[in-house]
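Student: This is the structure, below, for whatever I ask next.
Read-outs throughout are calculated quantities, based only on the coordinates presented, and are distinct from any laboratory measurement. Small disclaimer: the values here were computed from a predicted structure and weren't measured. Because the Cβ atoms are built from the backbone with ideal geometry, glycine has one as well, and the counts that use them run over all protein chains shown.
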Amino acid sequence: MKQIFEALEKDARMTPEQISTMTGVPVADVKKAIKKAEQDRAILRYKAIIDWTKLGEEEVLALVEVKVVPQRNVGFDAIAERVYRFPQARSVYLASGTYDLAVLVAGKTMQEVAVFVSEKLAPLEAVQGTVTHFILKKYKEDGEVFDGGGEIKRLPVTP
Amino acid sequence: MSKSKSSHIKVSQSCISERASTLPPSGIRKFFDLLSSIEGVISLGIGEPDFVTPWHICEAAIYSLEKGYTMYTSNKGTPELRAELARHLESRFSLTYDPDDEILITVGVSEGLDLAMRAILNPGDEVIMPDPCYVAYPASVSLSGGTPVLVPTTEEDNFEITADDIELRITRKTKAILIGYPCNPTGAVLSKEEPTQIAELAKRHNLLVISDEVYGRLVYGTEHTCLATLPGMRERTILLNGFSKAYAMTGWRIGYAAGNEEIIGAMTKIHQYTMLCASTMGQMAALEALKADDSEVDAMVRDYDRRRRVMVKGFRDIGLSCFEPKGAFYAFPSIKITGMTSEEFAEKLLMEEKVAVVPGSAFGQCGEGYIRCCYATSLPEIEEALKRMGKFIKRHRKT
């Protein structure tokens, strides 16, 4: 079963028929396993990793450290939910160390990100402070290297 | 790279030793030259992983250079690598080798094979091996003055060498059996019973066994049996292995030989005069490879397995009968329905469809009628190659 999802994680466009060939699991069982994983939200979504800069689109990303006051009974979860419901918050993690929430904020311009942090994030009652780090360059995302990589330097025929 | 004709020094035939001049040229080399002149070729003719060496291994080698490990090592290889190998063989196969006297680090399995032959063969001694087999097996025996004796293996018998067939060819001059399973070029592995039978035979006739297990980690849905683990075999087996295939480290050229003290001692003597030691940087990298857990190797194996299934099914779908390879990263489909020889097939396929495969005949007479196709190639390339080959078969199919 792990093989099915490993194949899918590598290439989400793979069809159940292709996965069946690759794993030796019958097509019907592959379909069933994928469906169940989707229902259980083990598979959350199928997405492409896109280098927007190559498509001429600007995107500004910032990693925002957020220090918060945990609340009685709900700990960090309630404030995390307040944050992750904003579509600008692309990823939200609870982290150990000097701050509590690590929030990856996306926007079209620096201004847009700055406004979101200063007008939406920072004023939240439980938020004690924020530190915003703008991302200058992406090297690797979800295991994919943005520039270079990939090229294999093998001779065309070897014994 | 290529020199102009005029810069060649004319060497008369008589300058070359009989041994070198009678050695047949590698069937692969010829093909390589043809291929280099064509663009847009998808090559299934490659004999190495398409993964780059895992970064933690490269990083360890870089670090060793920064620390100044640029000198010779002990002839036998660094004590740390030999000790780690001894631990590895113990934990993986419950085999105990003394790292001081029973393990030798070589420049790939290729050097180990050469050393083994030089260490054990007297002129005229015979070494029995399967046909088809890796291109260097017969050559290494001939170069050491021995005579290769080939045992035909067939698709019907899963390209497995059998003890009965070996026994038919044993003479007074037989010194050793040389086997390499999982097999390059067929992808065959030995079944559960065969190694035991071969071991019994070797003991009965007092033969050595040279076992090239470089593809031992790359098996699918089956277990690899290390020949030396069978009762009484540790003493008479020269176990050859290396880092090239399992850890995607072909270019580092690090292998090893493990066996009894007498044989490893003789091999070490030759190695110290001819090679001195394997590259220090490569040994540092190999040490790191062994120390890490198996997760990266396991992930590569699962990845090969998925592509293996795609390729085998693909061949069958286009009408080629294809034995199911259970090891290494090769499929070995039969091309007999085209009526062509493997060489004709490979050449025509390259010219007409720009797909490179290796003619099975490069690996021995019994490889005639087959082609070796490597599935350590990206999935889109495998699929495109299968599509092109499908068109080719449609045009040239005779039966």
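Student: Relative contact order (percent) for chain A, with alpha-carbon contacts under 8 angstrom and 6 or more residues of separation?
Tutor: Reported as a whole number, the value is 21 percent.
Student: Oh, and also: Once label points are set 7 Å from the Cα along Cα→Cβ at both residue B:67 and residue B:154, what is their separation, rounded to one decimal in nm?
Tutor: Here the modelled spin labels are 5.6 nm apart.
Student: Return B:88, A:133, B:271, B:56 ranked ascending by Cβ neighbour count within 10 Å, so the fewest neighbours appear first.
Tutor: A:133, B:56, B:88, B:271
Student: Here's something else I'd like to know. Mind computing the radius of gyration and Dmax over the alpha-carbon atoms of segment B:66-221? Å is fine for both.
Tutor: 17.0, 56
Student: Please state the charge dipole magnitude for segment A:52-137, taken about the Cα centre, from unit charges on C-beta atoms (+1 on K and R, -1 on D and E), reported in debye and rounded to the nearest 20.
Tutor: The calculated dipole for segment A:52-137 is roughly 80 debye.
Student: A follow-up question, please. When A:14, B:117, B:233 are ordered from fewest to most other Cβ atoms inside 10 Å of their Cβ, what list results?
Tutor: Ranked by crowding around the Cβ, least crowded first: A:14, B:233, B:117.
Student: For a protection proxy built on the mean count of beta-carbon atoms within 10 angstrom, sort A:97-106, B:337-346, B:181-190, A:25-34 highest first, please.
Tutor: The most tightly packed comes first, giving B:181-190, B:337-346, A:97-106, A:25-34.
Student: Right, another one. Any chance you could tell me what percent of the C-alpha pair distances in the protein assembly as shown go past 32 Å?
Tutor: So the portion of pairs separated by more than 32 Å is 56 percent.
Student: Taking the convex hull of the alpha carbon atoms in segment A:52-137, what volume per residue do you get, in Å³?
Tutor: Once divided by residue count, the hull of segment A:52-137 is 89 Å³.
Student: Please give the average number of partner chain Cβ atoms lying within 10 Å of the Cβ of each residue in B:21-32, rounded to a whole number.
Tutor: 1
Student: Considering the dipole of chain B built from charges on the beta carbon (Lys and Arg +1, Asp and Glu -1) around the Cα centre, which of B:144, B:220, B:393 is farthest to its positive end?
Tutor: Projecting each Cα onto the dipole axis, the largest value belongs to B:393.
Student: Restricting attention to segment B:123-221, which trypsin sites (Lys or Arg not before Pro) occupy a DSSP loop and are surrounded by at most 10 other Cβ atoms within 10 Å?
Tutor: B:172, B:192
Student: Based on DSSP, what percent of beta bridges with both residues in segment B:56-291 are antiparallel, to the nearest 5?
Tutor: DSSP beta bridges in segment B:56-291 are roughly 30 percent antiparallel.
Student: Another one. Taking the Cα centre of each part, how many Å lie between segment B:30-68 and segment B:303-328?
Tutor: Cα centroid to Cα centroid, the span is 23 Å.
Student: So, one more: Please rank B:230, B:349, fewest neighbouring Cβ atoms within 10 Å first, as an exposure proxy.
Tutor: B:230, B:349
Student: Could you pull out every one of the lysines with an alpha carbon less than 19 Å from that of residue B:203, ignoring same-chain neighbours closer than 8 positions?
Tutor: Those lysines meeting the cut-off are B:173, B:175, B:192.
Student: Given A:10/A:35; B:348/B:398; B:354/B:394; A:10/A:31; A:2/B:387, which pairs have Cα atoms separated by over 22 Å?
Tutor: Listed pairs above 22 Å: A:2/B:387.
Student: Right, next: What are the extents of the Cα atoms of chain A along their three principal axes, in Å, largest first?
Tutor: Dimensions of chain A along the principal axes of its Cα atoms: 62, 41, 28 Å.
Student: For peptide B:311-317, how many partner chain Cβ atoms fall within 10 Å of a residue's Cβ, on average?
Tutor: 1
Student: Could you give me the ³J(HN,Hα) list for segment A:56-65, computed from phi with Karplus coefficients 6.51, -1.76, 1.60 and θ = phi - 60°, whole Hz, x at Gly and Pro?
Tutor: Values per residue, Gly and Pro as x: x, 9, 8, 9, 10, 10, 9, 9, 10, 7 Hz.
Student: For the ranges B:21-29, B:260-268, what's the packing order if you count other beta-carbon atoms within 10 Å of each residue, average per peptide, and put the highest first?
Tutor: Top to bottom by mean Cβ count within 10 Å: B:260-268, B:21-29.
Student: Measuring from the lowest to the highest alpha carbon on each principal axis, how far does chain B reach, largest first, in angstroms?
Tutor: Sorted from largest, the Cα extents of chain B read 60, 54, 54 Å.
Student: Need one value for B:34-44: mean number of C-beta atoms belonging to other chains within 10 Å of its residues' C-beta atoms.
Tutor: Rounded to a whole number, the mean comes out at 2.
Student: Need one number: % antiparallel among DSSP beta bridges in the protein assembly as shown, to the nearest 5.
Tutor: Taking every DSSP beta bridge with both residues in the protein assembly as shown, the antiparallel ones total about 65 percent.
Student: How would you classify segment B:253-362 from its alpha-carbon gyration tensor, with a ≥ b ≥ c the square roots of the eigenvalues: rounded for a/c under 1.5, else prolate if a/b is greater than b/c, otherwise oblate?
Tutor: Verdict is prolate for segment B:253-362.
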